[in-house]
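Notes follow once the structure below has been shown.
The values are calculated or read from the model by the stated rules, or taken from the named source; none is laboratory data. Everything numeric in this text was worked out from a predicted model, so none of it was measured. Neighbour counts run over all protein chains shown; Cβ positions are idealised from the backbone, glycine included.
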Amino acid sequence: MRIEYVNFALDKIVAAMSAMDSTERGAYISLLFYLYQNDGHCPYDLAKIRAICGCHRHFAKVWSKIEGKFSISAGVLRHKVVTKKLREIKRAAQVKHRAGVRGAKARWQPTNQTKQQ
């Protein structure tokens with residue numbers, strides 16, 4: 001599923017970035033965007049993460065500062081809030097899909113009253 005819009009909880013993001021410098025903030029936000037676009041997953045490959053962050057010269061310092069904001073499990077980098085938001089977005093899409101299917105059936109399937117006329 002392609003995500004085109006995300007409603008960020010700004011208070012949480014600002015709090016998470018309060019002690020970061022601009023390079024660390026950019027890397028953190030870049031990783032969040034990547035996770036939203038990739039179903040909440042990023043391979044735990046430091047070369048790939050460095051490329052996503054775009055901070056090649058000072059990556060070790062930047063990564064040491066932001067690494068704790070993410071979880072790493074089975075070789076995959078995740079973020080708790082991104083995972084939660086994506087779950088909510090998927091649930092809402094499923095609800096809308098089901099409602100659309102029901103609406104189409106109601107609109108286009110003949111009813112008993114129509115058959116009798």
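Given (1) out of contact with any helix residue (DSSP H, G or I) (no Cβ under 7 Å at 6 or more places or on another chain); (2) part of a helix (DSSP H, G or I), identify the lone condition not met by Ile72. Ile72 satisfies every listed condition except (2).
Only a single criterion out of (1) in a loop (DSSP other than H, G, I, E, B); (2) in contact with a Cys (Cβ under 7 Å, 6 or more places away or on another chain); (3) not aliphatic (A, V, I, L, M) is not satisfied by Cys55, namely (2). For the range 30-44, the criterion of a residue being part of a helix (DSSP H, G or I), touching a residue at least 24 places away in the same chain (Cβ under 8 Å), within 19 Å of the chain's Cα centre (by Cα) and more than 21 Å from Lys12 (Cβ to Cβ) is satisfied by no position.
When Val6 is tested against (1) surrounded by 11 or more Cβ atoms within 10 Å (Cβ to Cβ); (2) at pLDDT below 90; (3) over 17 Å from the mean Cα position of the chain (by Cα), just one condition goes unmet, and that condition is (3).
Limited to the range 42-70, what total is found for residues that are surrounded by 13 or more Cβ atoms within 10 Å (Cβ to Cβ) and within 25 Å of Ile89 (Cβ to Cβ)? Within the range 42-70, residues that are surrounded by 13 or more Cβ atoms within 10 Å (Cβ to Cβ) and within 25 Å of Ile89 (Cβ to Cβ) number 9.
Flag: His79 does not match the condition of being at pLDDT 80 or above, loosely packed, with under 14 Cβ neighbours inside 10 Å and touching a helix residue (DSSP H, G or I) at 6+ places or on another chain (Cβ under 7 Å).
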